[in-house]
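Bear in mind that the values in this text are calculations on the coordinates, not laboratory data. The structure displayed is predicted, hence computed values, not measured ones. Please note: Cβ atoms are built from the backbone with ideal geometry, for glycine as well, and neighbour counts cover all protein chains shown.
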């Protein structure tokens, strides 16, 4: 049993996961890996497996919580995971197929990736997100590559995300703003902001693993006040939001 100590607890959970059949490496991610966590922050783990992984082996540990099947989270690069409680602490586990991860690493180095929908992510995710995890997560058991941000990805990703944001705003202008649909307009502005933030950070060569701090990192927090203004002047506030999101030169920075 672990002591009431973060490092001991991290190793304890890593040992449990590393002992599962097929698992070759275990990494700690999120705020726990970056050192930005709060006392009540979740513990985010990724289990890397080669060939096959059976979630029933994770269920057999008898930990309280929910364990998904493979592919249950959409079947993309995020192919499943679990929300568990270990010694009273919230622990999230993500399944990572090493064959898939290594493929996406090679693709990212060639400047290629694809977009995937994922629950709780407004803008969806790029397939290179699993490469970002390799770069940022803390490996606790086994060995994993530690890639730098590919130069070709710095060229291709911003163009993709800027184009996505432009499509989102163009559609919102005709479908929502002109018909005084404020909820849909505000939602579209939020999605376009996330897409723009992805573009800004990709141009800087900064990895992204989730949307929680995207707007702050990209300098787009001012959108909060703009969205609030949509309650009083929808066309004017939307135009201001568009101006903020398309001012690429200022947003990208050095």
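Using the 10 angstrom Cβ neighbour count as an exposure proxy, how do 120, 238 rank, fewest first?
On the way: 120 6, 238 24.
Neighbour counts put them in this order, fewest first: 120, 238.
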Cα extents of region 67-178 per principal axis, largest first, Å, are 53, 34, 22
Measuring from the longest principal axis of the C-alpha atoms of the chain, the long axis of helix 98-109 (C-alpha) lies at a number of degrees, nearest 10, equal to 40
Between [x] 42, 19, 18; [y] 26, 21, 19; [z] 36, 20, 17, the structure-derived semi-axes √(5λ) of the Cα gyration tensor in Å is [z]
Helix 182-204 sits off the longest principal axis of the Cα atoms of the chain, rounded to the nearest 10 on a 0 to 90 degree scale, by 70
In 5 Å bins starting at 0, how do the alpha-carbon pair distances of region 1-105 split up by percent?
2, 12, 23, 27, 19, 11, 5, 1
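Rounded to two decimals, what is the ratio between the C-alpha radius of gyration of region 153-252 and 2.2 N^0.38 Å? Walk me through the intermediate numbers first.
On the way: Rg = 13.1 Å, N = 100, 2.2 N^0.38 = 12.7 Å.
It is 1.03.
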How large is the convex hull of the C-alpha atoms of region 172-225 per residue, in Å³?
80
Between the helical axis of 151-175 and the dominant principal axis of the chain, each derived from Cα atoms, what acute angle in degrees is found, rounded to the nearest 10?
50
